[in-house]
Amino acid sequence: MNASTGKTLGIILLVLLVLMLLWPIRLLWLAPSGVFHGIFDGWDGIHVGRIHLGPWPWIGFAGLFGLALLAIGIWILVWVYNDAEKRGLSGALWVVLVIVLHLLGLIIYLIVRSSHPERAPGQPAPAPAAGPTPPPAPAAPPVAPQPPQPPGCPQCGKPVAPAHAYCPTCGTKQ
């Protein structure tokens, strides 16, 4: 199992753990408003011929709708994690933010992600700037003037010493 798969499984397990911990609180908050009335009542389970499989309340429409919402939520969390990691952001931090703030966290992530382009697969993350930038390097020392070159041959352009009457390269008279 590579590191990416392990991280993804860890996130899924973390999401399930958070949902398990928040489930009783959700029931205490929603039950007084009558949301659960009728979802689990009046349905006696699945019958296959003469076999009665018992009441499975999570199989009804509301249960399937809840499972679909759970699957979509987990898919969004996995997408946020993978996309944040591709852009050089902390995937775990953004997943926690989306879990805590729900839709608002997702909207914040979508706004922030637009300013972080996707990195190429082999490209390393940009290193953060460490403190102030160093002062610029001193300018190169001035170059000493070159000695004057002897005049060149009018025919070939090669330098010819003033003592020569003829060009040593092409033989033209100077």
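Every number in this text was worked out from the coordinates using simple rules, so none of it is lab data. All values derive from a computational prediction rather than experimental measurement. Glycine also receives a Cβ, built like all others from the backbone with ideal geometry; neighbour counts cover every protein chain displayed.
Among the residues of the range 78-120, those that are assigned to a helix (DSSP H, G or I), within 19 Å of Thr5 (Cα to Cα) and among the hydrophobic types (A, V, I, L, M, F, W, C) comprise Val78, Trp79, Val80, Ala84, Ala92, Leu93, Trp94, Val95, Val96. Number of residues in the range 73-111 that are more than 9 Å from the chain's Cα centre (by Cα) and under 25 Å from Leu19 (Cβ atoms) equals 26.
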